[in-house]
1. Does residue 89 qualify as being in contact (Cβ under 8 Å) with a residue 24 or more places away in the chain and touching a strand residue (DSSP E or B) at 6+ places or on another chain (Cβ under 6 Å)?
2. For the stretch 67-83, state whether one or more residues are surrounded by fewer than 20 Cβ atoms within 10 Å (Cβ to Cβ) and under 25 Å from residue 309 (Cβ atoms).
3. Report the residue count in the stretch 452-469 for those that are within 22 Å of residue 326 (Cα to Cα) and touching a residue at least 24 places away in the same chain (Cβ under 8 Å).
4. Do you know which residues across the stretch 355-378 are surrounded by fewer than 23 Cβ atoms within 10 Å (Cβ to Cβ) and either assigned to a helix (DSSP H, G or I) or within 18 Å of the chain's Cα centre (by Cα) (or both)?
5. Name the residues in the stretch 492-508 that are closer than 15 Å to residue 415 by Cβ and either assigned to a strand (DSSP E or B) or outside the structural domain of residue 414 (by TED's automatic domain parsing) (or both), would you?
6. Would you confirm whether or not the stretch 144-160 contains a residue that is outside any helix (DSSP H, G or I), surrounded by fewer than 23 Cβ atoms within 10 Å (Cβ to Cβ) and on the phi > 0 side of the Ramachandran plot?
7. Name every residue in the stretch 139-148 that is in contact (Cβ under 8 Å) with a residue 12 or more places away in the chain and over 27 Å from the mean Cα position of the chain (by Cα), in order of residue number.
8. Please go through the stretch 168-191 and pick out each residue that is on the phi > 0 side of the Ramachandran plot and touching a strand residue (DSSP E or B) at 6+ places or on another chain (Cβ under 9 Å).
C-alpha cells in the first residue's frame, strides 16, 4: 500500500499546456488528402493542438518550384513558383484553428547539387547555389506574408531541415547529404531569406535527431552573427542504444555502396539493428527523455528549446497502455523545461502505413481514425487545469501530479503507474487523502489501462473487428469515486494496474 497526502492549500505553479503547442504529421502532400484533414480536425478539436509540423513543403510533389529559363541569371526569371498546393494546405490549417510550424525541406530537384535521397525520391543534397536557396526561402516567406498577413505569420515558426545529423556525404541513407558545416550554411542562407521579409519572424534549427549538434549550432550562430530564435531538436527514449547500432549500419551500408563488402553483411547488420530496437528497452531508464531535455537546455545556453519530434517508438506497445503512460509521465516531468513539445505524430495516415489497423505506427490515431490509448492519454491531459502543485509524488513506479482547476472548483490527481518495457512493474494500491478542502461535491475517475481506453486489446483478441467497434471500445468512461469526506478531508483508495493512468477529479 502506498500512502499519499495532499494539502489543498499547498503552493502551486503555472501549468501551461505546452504539449498542445504543436503536433507532428507526415508530409506536406499528405495534408492535401481528406483522411489527413479529417484526423487533424478531430485532434485539434479534442486535444487542443495549435500548430502542426510536417516534412516536405519544398518537395517536388508539392509542385512549388521548376525551371523557367535555364540561361537566366535573375532568379525571378530563371525559376517559376506555384503556390497552389501550399496555399491549399495552409488555408486548410488556418480554417480549423491550427497554424503551420514550417519545416524547410527537402531540396527541390532543380536546386539539388547531388543525387542523395530519402523516402524514395526526396532530395537531401545541399543546394548547388546557396543564393538560389535563400531566394526560395525568401519568396516562400514573402508569399505567406502577402496571403495571410504579417501579424499572422509572425506567430509561425520556421525550422530549417530535418535531422541533418543522420546521413552525410556519400551515405546511402539519411536526411542530409552534406556535412555539418554545409548544414550550418544552409541554415544561415534560409534564415537570411526569412529575416529579409521581416526581422521578427522566428527561425531555428538544427532540428537534429538524438539531441545532437546543439552546442555546435549555438556556437556557430553566435560566432557568425547568424540569427537564431530557438533551438529545435528531436529525441526518442531508445536513442542512446539504437543510435550506436544505426551508426554501424550506415557505415556498413557505405562500404556496400562502394563495393567493399558483401551485401549479405548488410542484411546481417539490418537484422541486428531490428533485434537491438526490440531489446533496447531493457537499457532505457525510466524518465529517459526528461534527462535528455535537461542536458539539451544546458547546451542551448539560454535559447528556448523546442522538441519537434518525440514518441515512445516501442513498436506495438506504443499503441497500448504503455504508450499512454510513457507519454503522460514524460510530459508531466517536462513541465517548466520547454515551451513546445511536439508529439510525432497525430495519425498513422502516412506513406509507410501498414495493412494492419494496429502495428506500432507513430500516430495517436490509426489509419482509419481509431484513437489509441495514447490519444486517450492526451485527452486526459487536455482536461487538466492551469495550476500544478509544486511537489510531485513518486514511490516505486507510481507518480502523482496534483493540479488545481479553479474554474471548475476542482482538484485533479493524475496518477501514473509507469515503467520501461522489460523492467519490473506491479499493480499498485494507493491510499489517498486530500486535506483542507473548502467543501466536497463529488469525485470522478477516468482510466487508461489494459481494460480501459485500450482498443488494441480488443483488436488483438478478435479476428474481425469493425472500426466502429474499436472506436467505441477506446472511449474513456467516467465513473464515481467512493470518497469519505469529513472536516475538510477527503479520503479514498485507488487501485492502479501496471502501465495504467487514472485521472481523479474532486469537485468542491
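1. Working: in contact (Cβ under 8 Å) with a residue 24 or more places away in the chain: yes; touching a strand residue (DSSP E or B) at 6+ places or on another chain (Cβ under 6 Å): no.
No: the conditions fail for residue 89.
2. no
3. 8
4. 360, 367
5. Selection gives 492, 493, 494, 495, 496, 501, 502, 503, 504, 505, 506.
6. Restricting attention to the stretch 144-160, the residues satisfying the condition of being outside any helix (DSSP H, G or I) are 149, 154-160.
Restricting the remaining residues to those that are surrounded by fewer than 23 Cβ atoms within 10 Å (Cβ to Cβ) gives 149, 154-156.
Next cut, on the phi > 0 side of the Ramachandran plot only: 149.
Yes, there is a match, as at least one residue in the stretch 144-160 is outside any helix (DSSP H, G or I), surrounded by fewer than 23 Cβ atoms within 10 Å (Cβ to Cβ) and on the phi > 0 side of the Ramachandran plot.
7. 139, 142, 143, 147
8. 168, 174
The values are calculated or read from the model by the stated rules, or taken from the named source; none is laboratory data. For clarity, every value in this text was computed on a predicted model and none was experimentally measured. Cβ atoms come from the backbone with ideal geometry, glycine included; neighbour counts cover every protein chain shown.
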